[in-house]
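Comments concern the structure below.
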Amino acid sequence: MKKFFADIKKDIQFKSAGPGKKLTEETSARSEPVQSSTNRPRYALTEGAQRAGAAALARIEQQPKPKVHTSHDAIRNQVKRELEAEAAAQAEQVKPNTAEGSQVKDSSCLSVSGVYFTCPLTGATLTKSEREVHIKEAIFMRFEEDAVEASVMMMHTFNKDRDKVKAAVDIISKYVDNICKNPSEEKYRKIKLSNKVFQEKVRCVEGSREFLEALGFISTMLPVEGQEEEEEFFVLPEQGPEALEIMKDRRDRLQRGEPVRAVLDRQPQALRPSPNAQRFELPPEFYNLSAEELKKEQQQRSDLVEKNSMLRTKVMREKDEQRERRKYNYTLLRIRLCDGNLLQGTFYAWDRLTVLYNFVRESLVDGWQPFELIAPGGQKLLESEEVALAECNLVPAALLTFNWDSAVQADIAAARGNSPALLKPELLENIQTLS
């Protein structure tokens, strides 16, 4: 603290030397190396400057001492700044570009607030940007309950290259097979971590080490013949018959493993009859476009109109349509029911018609009865066809029409049209009105 005050004194001395000397000192500081405090030239202080300096020091001594941040504080603050910067960058990336002079749409005017997902491990509702981090945290939490299950999830979820995962699973399975066939052979229960195959095929796969440890392998430093230094090995203690059967079961669990993926929340919503049923205002998550591509969207649509006016073959038109459909990740569909109410849901653009039919079926009171869905333009959508929604031109949004099968319609007519409510009560309880 004395040194701190001493520096303040020297600074006061420097400032009180006058404008001319201050300028000279600053100029020399820029052109020459910085001098130590002991070599700095000293200037005589006037009586007034000394009184001002003493008053300044008195004020400083009365102020509370600044908090000294530990290294943990610094790291925590740095991580916080990085996460905030990353979140801001992601928000900026998904922000739609609007035409010059236009205004950003109010979120309250959107047909749906966004795209949401459900974590299959925790049941939490997540945004698109939250999915990966939340699932990783949920998998790490599983280690306390079942290390084998958690490590299997790690291998199949954390690694995007499925071929690499399969290669690692095959090699680990081979380790287990050799141990089970030769339980007393020590060489099969030792894995040299510097081994080329292990390095290139297993170690590079995240979660593989955790799975081997869950099997019972222990990291051990062992001498290597012809080397002065020891190397790291994974060593498995000799296993009895019962333990070997458990190892086989864990190997099978690894082979059956699947990636843990967040499930799309379809956000089923009942809507009252509305003349605005065909009006859709979608958030940017529905588009598989970068910010620059979104900016060019309007121009591309103008070009498409011009192309349609030209003479083109059927193959050329189909290629353009496929390219257009690939712009969308999701689609928002509304189904107009016989009573005028609407059923709305969110789907992947590549979901099959079967998914759509099951969604409607699960929302109806009498979903077991046969019905059909009609696309815009009168095209009947057949559940039996293995066709994606995008291939039916149902992206990024569409209004469909629901009709009962002719036999069901006949029964309704015989009952003089007094049919019960179509949608389940839990949907009707939260019915909304389109703005």
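Tabulated results
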{"item": "Qualifying residue in the stretch 151-160 (condition: modelled with pLDDT under 95 and either farther than 19 Å from ARG250 by Cβ or assigned to a helix (DSSP H, G or I) (or both))", "result": "yes"}
{"item": "Residue list for the stretch 228-266, filter: in contact with a Leu (Cβ under 8 Å, 6 or more places away or on another chain) and β-branched (Val, Ile, Thr)", "result": "VAL235, VAL260"}
{"item": "Strands (runs of 3 or more DSSP E) fully within the stretch 341-435 counting 1 or more residues that are closer than 27 Å to PRO284 by Cβ", "result": "342-348, 397-404"}
{"item": "The stretch 338-350 - residue that is under 23 Å from the mean Cα position of the chain (by Cα) and open to solvent by 20 Å² or more (accessible area, probe 1.4 Å) and, of those, farthest from PRO268 (Cα to Cα)", "result": "TRP350"}
{"item": "Test result for GLU242, open to solvent by 70 Å² or more (accessible area, probe 1.4 Å) and among the charged types (D, E, K, R)", "result": "yes"}
{"item": "Given (1) closer than 15 Å to LEU337 by Cα; (2) within 32 Å of the chain's Cα centre (by Cα); (3) open to solvent by 50 Å² or more (accessible area, probe 1.4 Å), number of the condition ASP405 does not satisfy", "result": "(2)"}
{"item": "Which listed residue, of SER363, SER384, SER419, is open to solvent by 30 Å² or more (accessible area, probe 1.4 Å) and either modelled with pLDDT of 90 or more or under 34 Å from the mean Cα position of the chain (by Cα) (or both)", "result": "SER384"}
{"item": "Scan of the stretch 260-287 for residues that are open to solvent by 40 Å² or more (accessible area, probe 1.4 Å) and within 30 Å of GLY207 (Cα to Cα), ordered by number", "result": "ARG261, VAL263, ASP265"}
{"item": "Meets criteria (on the phi < 0 side of the Ramachandran plot, among the aromatic types (Phe, Trp, Tyr) and touching a residue at least 40 places away in the same chain (Cβ under 8 Å)) for PHE371", "result": "no"}
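A quick yes/no check of all residues on (1) among the hydroxyl-bearing types (Ser, Thr, Tyr); (2) in contact (Cβ under 8 Å) with a residue 40 or more places away in the chain; (3) in contact with a Pro (Cβ under 8 Å, 6 or more places away or on another chain):
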position: THR127; (1), (2), (3): yes, no, no
position: GLU144; (1), (2), (3): no, no, no
position: ASP163; (1), (2), (3): no, no, no
position: ILE172; (1), (2), (3): no, yes, no
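The values are calculated or read from the model by the stated rules, or taken from the named source; none is laboratory data. Not measured: the values here are computed from a predicted model. As a convention, Cβ positions derive from the backbone with ideal geometry for all residues, glycine included, and neighbour counts pool all protein chains shown. The protein model used for the area step is the full one, side chains on, heavy atoms only, and it has no ligands, DNA or RNA in it. Shrake-Rupley method; radii C 1.70, N 1.55, O 1.52, S 1.80 Å.
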